Amino acid sequence: PFFLLLLTLHLLPPSSQVYSDEGLTWDYMACQPEAADMTQYLKVTLDPPNITCGDPPETYCALENPYMCNNECDASTEELAHPPELMFDIEGRNPTTFWQSTSWKKYPKALLVNVTLSWNKTIELTDDIVLTFESGRPEQMVLEKSLDYGRTWQPYQFYATDCLDAFTMEPKTVQDLTQHTLLDIICTEDYSRGYVWKYDKTVRFEIKDRFALFAGPRLHNMASLYGQLDTTKNLRDFFTITDLRIRLLRPATGATMVDENNLSRYFYAISDIKVQGRCKCNLHANSCVYDKEKLSCECEHNTTGPDCGRCKKNYQGRAWSAGSYLPIPKGTANICEYAKTYTGIQSNNEQVLHSGMKVVEKWVYSQFLPFFFLKVVQKKRPHCKNPNLTKCICLISSPNISSHLK
Ligand SMILES: [Ca+2]
């Protein structure tokens with residue numbers, strides 16, 4: 001009975017629509033893990049590694065007021081330390097907790113810092129990436145992504161007070177993008193202007209605005225987006241990452257001239273980073289577990305691997321393929337099918353030829369009959385309760401017998 005129950009669970013449509021005040025919500029496709037706060041599962045790396053302030057202790061000034069230099073950063077005192085973990089702690093503390101770099105003492109040499117967030121797992125972004133700065137927002141920065149665990153990087157978005165000057169790119173905003181240019185990488189000046197500490201503290205990478213190009217302004221037509229994601233690999237990959245890298249290239253100076261007598265005014269400080277997403281499980285898992293500091297999909301549909309990216313052993317009856325959002329809303333599971341390979345000879349091929357049966361064939365080299373290939377035939381039973389339940393029958397492939405099969 002337990003076995004039957006398991007089978008029944010697999011038969012449930014891979015969807016469960018969730019209605020809320022706003023209509024259908026994001027998570028109405030159930031054969032994927034729920035979107036979550038992904039910052040709980042990342043590893044953060046700084047480059048250069050010793051760029052955090054406080055070792056040795058130093059004082060720094062407020063950007064607005066160069067004479068207010070009574071702030072201290074001291075890595076050896078908890079209250080005065082600003083380690084990178086403070087970019088991911090619980091918000092709402094007072095005073096704000098934040099990571100801070102050393103100040104720009106080596107001006108005019110550029111103050112360059114890479115902040116790399118690594119998941120060691122492929123994830124799909126579901127909401128805007130939001131960085132909240134405690135310092136003024138950088139005058140130049142690049143957000144980059146990797147899809148191969150940090151081996152190669154591509155820019156996601158450029159940010160500057162002057163895009164032409166910094167990156168020789170025309171300034172654009174996400175509102176300039178269309179369905180056809182959605183994958184374009186733009187430079188925006190929206191998040192760099194205005195150095196006042198109290199306001200405009202965030203830098204965004206706009207995921208939802210990009211989704212809206214397909215799903216409508218209030219994301220009411222997610223079916224349209226899902227349809228696009230299903231059929232366009234580039235689009236799907238665009239929102240998929242294993243790592244993010246924030247390249248801080250020039251801190252806020254609040255003016256055209258840098259005050260060389262007071263370089264303690266210039267540094268980077270980030271109080272919070274938001275990354276919402278879900279494990280990429282190729283629509284073959286409903287949940288993703290975090291164990292031994294690693295995320296992995298709990299694969300179903302006879303799939304395996306960290307992203308459910310291949311069929312389990314003995315379930316290679318047909319080529320692996322990702323699950324599909326289509327048809328909306330049920331989707332298609334694309335289950336890996338059982339394909340036990342017998343190495344004996346059977347002659348009950350009549351069974352395979354029942355009308356209405358779908359025959360799946362696979363050629364297997366026989367180790368017992370070295371000069372023969374065996375034709376392994378799976379029959380699918382379309383009228384059964386579980387149409388995907390497969391059975392395996394084996395036939396020898398001598399020319400005479402294989403002609404029987406046709
Ligand atoms: Ca914080």
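Inter-label distance, THR232 to ASP55: 4.6 nm, where each label sits 7 Å from its Cα along the C-beta direction. In loop segments of the range 68-114 as defined by DSSP, the GluC sites (Glu not before Pro) with at most 15 further C-beta atoms inside 10 Å of their C-beta are GLU91. A simple spin-label model places pseudo-atoms 7 Å from Cα toward Cβ; at LYS312 and ALA110 they are separated by 5.1 nm.
A protection proxy built from the mean count of other Cβ atoms within 10 Å ranks the segments 203-210, 105-112, most packed first, as 203-210, 105-112. Counting Lys and Arg as +1 and Asp and Glu as -1 over every other residue whose Cβ lies under 11 Å from the Cβ of ALA166, the net charge comes to -3. Going down the list LYS274/LYS313; LYS208/LYS233; LYS105/LYS292; LYS106/LYS292; LYS274/LYS294, which pairs span over 30 Å between their C-alpha atoms? As for pairs spanning more than 30 Å Cα to Cα, those are LYS274/LYS313; LYS105/LYS292; LYS106/LYS292.
Compactness of the range 32-279, taken as the C-alpha radius of gyration over 2.2 N^0.38 Å, stands at 1.04.
Taking a ≥ b ≥ c as the square roots of the eigenvalues of the Cα gyration tensor, an a/c ratio of 1.5 or more together with a/b no larger than b/c marks the range 88-147 as oblate.
The numbers here are math on the coordinates, done by the rules we state, and not lab data. Everything quoted here is computed from the prediction, not taken from an experiment. Positions of Cβ are generated from backbone atoms using ideal geometry, with glycine treated the same way; all protein chains shown enter the neighbour counts.
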